[in-house]
1. Of the residues A222, A175, A158, A169, only one is aliphatic (A, V, I, L, M), open to solvent by less than 50 Å² (accessible area, probe 1.4 Å) and modelled with pLDDT under 90; which?
2. Starting from residues that are modelled with pLDDT under 90 and basic (K, R), keep the ones in region 178-219 and report whichever is farthest from R157 (Cα to Cα).
3. Take the residues in region 116-135 that are surrounded by fewer than 21 Cβ atoms within 10 Å (Cβ to Cβ) and out of contact with any Ser or Thr (no Cβ under 7 Å at 6 or more places or on another chain), then tell me which one is farthest from L162 (Cα to Cα).
4. Looking only at region 20-72, which residues are over 17 Å from R92 (Cα atoms) and among the polar types (S, T, N, Q)?
5. I need the full set of residues from region 62-88 which are surrounded by 20 or more Cβ atoms within 10 Å (Cβ to Cβ) and either at pLDDT below 95 or outside any helix (DSSP H, G or I) (or both), in order please.
6. From the list A18, A12, A39, A31, which one is surrounded by 23 or more Cβ atoms within 10 Å (Cβ to Cβ) and part of a helix (DSSP H, G or I)?
7. Give region 144-154 a look and list any residue that's open to solvent by 20 Å² or more (accessible area, probe 1.4 Å) and either in contact (Cβ under 8 Å) with a residue 12 or more places away in the chain or hydrophobic (A, V, I, L, M, F, W, C) (or both), or say none.
8. Grab the helices (runs of 4 or more DSSP H) fully contained in region 104-180, keeping just those with 2 or more residues being out of contact with any helix residue (DSSP H, G or I) (no Cβ under 7 Å at 6 or more places or on another chain).
Amino acid sequence: MFVLSLSGCQFAASGQNAQGVRLYEQGQYSAALQQFQQAIASDPKNPDSYYNLAATTHRLGKERNDRSLLDQSESLYNQCLDLDPSHVDCHRGLAVLLVETDRPDRAFALMRNWATSQPQLADARIELARLYQEFGEGETAQKFLEDAIHQDGNNARAWLALGQIREAAGDYQQALQDYQRSYDLNSMQPQVAERIASMNRQIVSGAGGVTASGTRLAQQSAADVSKGRY
């Protein structure tokens, strides 16, 4: 997910990051790179600038199948994490890059180390769960999400992720409750509201969950579930 956080940035870097994000969203990646490079020059201690530059370089590296750009992106992700060891999007971006470059073991090590070094941070467990889920290990992912909720019961992302895991496993009633809990904690999630409405319609019509004949709705693949971007 490509996002921009403006907190703590100097004014100039904030404007350059904002302009870079606009250019990125328009598909003008080279121009976006220039803005993010300028943002780093304006404020070398802002981890978001390094993340934005890393994410854009990552995108270009994939499009061009350019390993040198991917190596640059990896270095920038690491610089971001040196400045902010809790940076969620940077951990995620680096993990994706490691998987895409055939180093899933490094991706898992990255996320496990994060969860171990910052046990108080629910986001670390949520992102580790995402990785396990994408590799088809739903039960392990669910365990880490339950740990995250135990750590922070008011984390809307954790409840959303747990709902997606349970829906993929066919536990529709519990998934609906998890989605509702996530939405109660953060109502600015239109995709969750849509999922709640859809599941309610399915349950009312008798199409949701396990029926008397044992038939289930088609389960989502790990790739489909990950599109929820919890």
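The values are calculated or read from the model by the stated rules, or taken from the named source; none is laboratory data. Given the structure is predicted, the values throughout are model-derived calculations rather than measurements. With ideal geometry, Cβ positions are generated from the backbone for all residues, glycine too; neighbour counts draw on all protein chains shown. Side chains are part of the model used for accessible areas, which takes the heavy atoms of the whole protein and leaves out ligands, DNA and RNA. Shrake-Rupley method; radii C 1.70, N 1.55, O 1.52, S 1.80 Å.
1. A222
2. Start the filter on region 178-219 by keeping residues that are modelled with pLDDT under 90, which leaves 198-219.
This time we only want the ones that are basic (K, R), so: 201, 216.
On the way: R201: 23, R216: 26 Å.
Looking at residues that are modelled with pLDDT under 90 and basic (K, R), I get R216.
3. Restricting attention to region 116-135, the residues satisfying the condition of being surrounded by fewer than 21 Cβ atoms within 10 Å (Cβ to Cβ) are 116-121, 134-135.
Subset that is out of contact with any Ser or Thr (no Cβ under 7 Å at 6 or more places or on another chain): 116-117, 119-120, 135.
Details: T116: 21, S117: 23, P119: 19, Q120: 19, F135: 16 Å.
Here the answer is S117.
4. Q26, Q28, S30, Q34, Q35, Q37, Q38, S42, N46, N65, S68
5. H87
6. Values: A18 fails: surrounded by 23 or more Cβ atoms within 10 Å (Cβ to Cβ); A12 fails: surrounded by 23 or more Cβ atoms within 10 Å (Cβ to Cβ); A31 fails: surrounded by 23 or more Cβ atoms within 10 Å (Cβ to Cβ).
Only one candidate passes the filter, namely A39.
7. Restricting attention to region 144-154, the residues satisfying the condition of being open to solvent by 20 Å² or more (accessible area, probe 1.4 Å) are 144, 146-147, 149-154.
Answer for region 144-154, where residues must be open to solvent by 20 Å² or more (accessible area, probe 1.4 Å) and either in contact (Cβ under 8 Å) with a residue 12 or more places away in the chain or hydrophobic (A, V, I, L, M, F, W, C) (or both): F144, E146, D147, I149, Q151, D152, N154.
8. On the way: elements: 104-117, 122-134, 138-151, 156-168.
Per the criteria, 104-117, 138-151.
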